[in-house]
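Below is one structure; the comments refer to it alone.
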Amino acid sequence: MKAVRYVGKAPNLPEAYLASLTAGSGYTVVDSLPRGANVTLRLTIDARPLEVTHNALTRDFLDLATLVYIVDEIEPRADDWTRQFEVFFPVKNHQHWAANQPGLTRTLATLAGDKYQFQWCERPALTGFGAHRQSLPTGYDAVCLFSGGIDSFLGAHRLLSRGKKLLLCGHQADGTAASAQTDLADILRVMFPGQLKLIQCRVARSFGKTHRFPLPQKSEETHRPRSLLFLGLAIALANAAKIDTVYMAENGLIALNPPLGKSRIGTLSTRTAHPKYLLELTDFMKATGIFTGRIENPFLFDSKTDMLRGLDPKLAPAMLRSVSCARPSRFKNLGVRHCGYCVPCLYRRVAMAEAGLDSPSDYGFKLFEKIDSVDSAKQMDFRALVSFARRVVTSTPLNRDLIVLSHGFFPVDAAERFGDKQIASHSVWGDMFLRWADDFLKKLNVIASAETKRLLGIQTM
């Protein structure tokens, strides 16, 4: 697929760039400039329109992350899941970007399994995304990604409890998740008055009726490179607010996201917060000067079940309002926000059971109770998760280390770069996997119906 970033039609732009904008050129044009854009990038702060001024390097990175996010939805994956992208991308300093291109393409390959080729040229000065009255506040300690899920809420709560002042950064990819972000931020405001602001970002196809360049229809829903956009938005806010720390609270089991079976090796499993990806991304950003601060995951060594163990009862309402489902709006007609059969929903159920908050009525499909009520496609993740847990509990420490590294090797000092401690080996994560797997199988034995256990081949303990 060929794509180009639109930066206007200034006469000093290269002929090759101008030619890529013409109909029939074969290029998909991604346009975020005002008055005719086909992509919207809008921010609100506590529900009021926000304008943020970016330096040239940050603006280029944010537009690049936006382009990657948009073209990912357009180009379907082939059987091997690897796609080829040729991108014409005007930037403020094309020689600087060209010199650091290997780090960028390596990062994108690790994150999404895709191969990118970039052609750079010099761009003119750009206008802002819009003129709004609200400006970005100062005096905050960190930017914290805020998805509307359990992990990001507990991460923000931990930091606020330590006296930190936070800019919570949420992406409005889904109306249900965006609503959860607002509700959870309201809960935190009551608990920590004056310590936080919620900034919600919308990056999506424009709802406008008139576009300079129409976009092809969406044909891909896996969203493997979305983490680049989420972090790009947080980093843009951090740079503008002169903040040097971005928190990406993601439980360690999902961060490493080991493939549940051989069929899931590669980009079939997301690497949103994987240490290998984060190492490559931060190395690239430091080399270019885009962001020289720190990205930290406060739950790098914990599963979601670990996080909810011993949960303060005062936080129970927030847990119930949180959203974990991979696509939370798909079963709104059933009056629920969780499908009950995707991997995040299954991780959520056992974690909520740990906190005494599990309720089958919160899920569209109740696999623990009635696995035979859904088709084989909806059973697939549950069966894979059970198989994975069995494999972990019967594995040797060495084999668990191999599971930890199944998405690619990363050095143990990633624990210090993105976590909060030094470790001597990967066994810290292997032990976390074992702790989760043993607990999952025990909970499954208690929660699951006799028929579900029979169909899964689980013997009653």
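Values in this text are rule-based calculations from the coordinates and carry no lab data. No experiment lies behind these values; they were computed from the predicted model shown. Reconstructed Cβ throughout: ideal geometry from the backbone, glycine too, with neighbour counts over all protein chains shown.
Would you calculate the convex hull of the Cα atoms in the range 306-385 and tell me its volume per residue in Å³? Please report the intermediate quantities before stating the final value.
On the way: hull volume 7.2 nm³, N = 80.
Spread over its residues, the Cα hull of the range 306-385 gives 90 Å³ apiece.
Work out from phi, with θ = phi - 60° and the Karplus expression 6.51 cos²θ - 1.76 cosθ + 1.60, the ³J(HN,Hα) of each residue of the range 65-78, listed in order in whole Hz, and give x for Gly and Pro.
For the range 65-78, the Karplus curve yields 4, 5, 4, 4, 5, 6, 5, 4, 6, 8, 8, x, 7, 7 Hz.
Quick one: grab Rg to one decimal and Dmax as a whole number for the range 205-301, Cα atoms only, in Å.
Both quantities, over Cα of the range 205-301: 16.4, 48 Å.
Roughly how big is the range 325-456's charge dipole about its Cα centre, with Cβ charges of +1 (Lys, Arg) and -1 (Asp, Glu), in debye to the nearest 20?
Details: 20 positive and 15 negative charges, 92 e Å.
That gives the range 325-456 a dipole magnitude of about 440 debye.
Taking every Cα atom in the range 325-456, find the radius of gyration and the maximum pairwise distance Dmax, and write them in Å.
Both quantities, over Cα of the range 325-456: 16.7, 50 Å.
Assign one of three labels to the range 84-163, namely rounded, prolate or oblate, based on the Cα gyration tensor with a ≥ b ≥ c the square roots of its eigenvalues; rounded applies when a/c is under 1.5, prolate when it is not and a/b is larger than b/c, and oblate otherwise. Let's see the in-between values first.
Values: a/c = 2.77, a/b = 1.52, b/c = 1.82.
Since a/c reaches 1.5 but b/c is at least a/b, the shape of the range 84-163 is classed as oblate.
How large is the direction-averaged shadow of the alpha-carbon convex hull of the range 234-378, in nm²?
On the way: hull surface 44.3 nm².
Average projection, Cα convex hull of the range 234-378: 11.1 nm².
Can you give the FRET efficiency for Glu221 and Ser376, using 1/(1 + (r/R0)^6), R0 = 25 Å, r = Cβ-Cβ distance, to the nearest 0.05? The partial results should precede the final answer.
Details: r = 20 Å, r/R0 = 0.79.
About 0.80, to the nearest 0.05.
Mean 1/r over all different Cα pairs, inverted: what Kirkwood radius does the range 15-131 give, in Å?
On the way: mean 1/r = 0.0632 Å⁻¹.
So the Kirkwood estimate lands at 15.8 Å.
How many percent of DSSP beta bridges within the chain run antiparallel, rounded to 5?
On the way: 10 of 43 bridges.
For the chain, the DSSP antiparallel bridge percentage is about 25.
Which distance in nm do the two modelled labels at Ala16 and Arg162 give, with both placed 7 Å along the Cα-to-Cβ direction?
4.8
Give the range of the longest stretch in the chain that excludes all GluC sites (Glu not before Pro) found in loop regions by DSSP and having at most 14 other beta-carbon atoms within 10 Å. Display every interim value, and only then the final one.
Values: sites that count: Glu220, Glu221.
That gives 222-461 as the longest site-free run.
Just to be sure I understand the model, the point goes 7 Å from the Cα along the line to the Cβ. What's the resulting Gln84 to Arg189 distance in nm?
Calculated label separation equals 5.1 nm.
How big is the dipole moment of the range 134-296 about its Cα centre under a simple scheme where the beta carbon of each Lys and Arg is +1, that of each Asp and Glu is -1, and everything else is neutral? Debye, nearest 20, please. It would help to have the intermediate numbers written out before the result.
On the way: 20 positive and 12 negative charges, 54 e Å.
Once rounded to the nearest 20, the dipole reads 260 debye.
How about the range 88-168: which trypsin sites (Lys or Arg not before Pro) there lie in a loop by DSSP and see at most 12 other Cβ atoms within 10 Å?
Numbers: sites: Lys92, Arg106, Lys115, Arg133, Arg158, Arg162, Lys164, Lys165; in loops: Lys92, Arg133, Arg162, Lys164, Lys165.
Answer by residue number: Arg133, Arg162.
How long are the semi-axes of the equivalent ellipsoid of the range 134-296, defined as square roots of 5 times the Cα gyration tensor eigenvalues? Whole Å, largest first.
Numbers: eigenvalues 130, 91, 64 Å².
Values for the range 134-296, descending: 26, 21, 18 Å.
Taking 8 Å as the Cα distance limit and 6 or more residues as the minimum spacing, I'd like the relative contact order of the range 134-296 as a percentage.
On the way: 205 pairs, mean separation 41.8, N = 163.
That works out to 26 percent.
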